[in-house]
Amino acid sequence: MKNNMKKNSSKIYNILAIVASVVLIIGLKTFATPCDGMIETAKGMEVPMKCHWTDVALLYLGIATAVVAIANIIKNSKSTLELLGMGVLSIAITMDNVGIGVCKMEGMACHTMKTFAIVIGVVYIVLGILQLLIKNEVEL
């Protein structure tokens with residue numbers, strides 16, 4: 001009975017990771033969007049600002065996290081390292097000195113995206129730590 005409860009808690013954490021991923025994806029497409037401005041290159045062409053690429057990376061990270069969590073539900077295993085890694089990546093992608101970053105101007109829309117991605121990253125990390133604490137189950 002107790003072992004069954006531990007296996008169910010791992011499934012619950014994976015399901016919560018899927019929910020967090022869906023929230024990330026929906027948030028990136030609704031209220032936590034990047035800036036829509038363009039940068040003019042020296043040749044006169046326009047390219048998206050770097051926050052656009054941060055948005056793209058976070059979108060793919062959300063999809064990948066959901067896929068990993070679904071796979072681990074099917075395999076009946078934990079997502080400890082995956083969730084910890086995805087959480088760190090979610091935060092790092094938004095940082096200028098580590099990842100892609102966002103615009104420098106504080107009032108820009110992409111700063112909402114950055115804060116949102118950091119919150120989801122912390123959720124992933126907490127879920128990974130909680131799975132790490134589950135004993136006597138299929139290991140990493």
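Listed values, structure above:
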quantity: Boolean, VAL98 is within 11 Å of the chain's Cα centre (by Cα) and either surrounded by fewer than 17 Cβ atoms within 10 Å (Cβ to Cβ) or within 14 Å of VAL23 (Cβ to Cβ) (or both); calculated: no
quantity: Exclusive hit being β-branched (Val, Ile, Thr), under 22 Å from GLN131 (Cα atoms) and part of a helix (DSSP H, G or I), set ILE25, ILE18; calculated: ILE18
quantity: Single unsatisfied condition, VAL102 versus (1) out of contact with any Lys or Arg (no Cβ under 7 Å at 6 or more places or on another chain); (2) farther than 30 Å from ILE134 by Cα; (3) of a type in the set (A, V, I, L, M); calculated: (1)
quantity: Per-region count, segment 42-60, residues touching a residue at least 40 places away in the same chain (Cβ under 8 Å) and part of a loop (DSSP other than H, G, I, E, B); calculated: 1
quantity: Any hit, segment 87-106, residues being within 30 Å of SER10 (Cα to Cα), of a type in the set (Ser, Thr, Tyr), in contact (Cβ under 8 Å) with a residue 12 or more places away in the chain and part of a loop (DSSP other than H, G, I, E, B); calculated: yes
quantity: Single unsatisfied condition, ILE39 versus (1) over 21 Å from the mean Cα position of the chain (by Cα); (2) closer than 22 Å to VAL102 by Cα; (3) assigned to a helix (DSSP H, G or I); calculated: (3)
quantity: Any pair with Cβ under 6 angstrom, 6 or more apart, that starts in segment 7-19 at a residue that is at pLDDT 85 or above and ends at one that is buried (at least 18 other Cβ atoms within 10 Å of the Cβ) and among the small types (Gly, Ala, Ser); calculated: ASN14/ALA69; ASN14/SER79; ALA17/ALA69; ILE18/ALA66; ILE18/ALA69
quantity: Residue list for segment 130-140, filter: in a loop (DSSP other than H, G, I, E, B) and at pLDDT 85 or above; calculated: LEU133
quantity: Test: residue in segment 46-58 that is acidic (Asp, Glu) and at pLDDT 95 or above; calculated: yes
quantity: Among (1) within 28 Å of ILE12 (Cβ to Cβ); (2) charged (D, E, K, R); (3) at pLDDT 90 or above, the one test that LYS114 misses; calculated: (1)
quantity: Hits in segment 107-129 - residues which are out of contact with any helix residue (DSSP H, G or I) (no Cβ under 6 Å at 6 or more places or on another chain) and either assigned to a helix (DSSP H, G or I) or crowded, with 24+ Cβ neighbours inside 10 Å (or both); calculated: HIS111, THR112, MET113, LYS114, THR115, VAL119, VAL122, VAL126, ILE129
quantity: Residue count, segment 62-81 (criterion: assigned to a helix (DSSP H, G or I), buried (at least 23 other Cβ atoms within 10 Å of the Cβ) and not polar (S, T, N, Q)); calculated: 2
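The values are calculated or read from the model by the stated rules, or taken from the named source; none is laboratory data. A quick note: this is a predicted structure, and the numbers were derived from the prediction, not measured. A quick note on method: Cβ atoms are made from the backbone with ideal geometry, for glycine too, and the neighbour counts reach across all protein chains shown.
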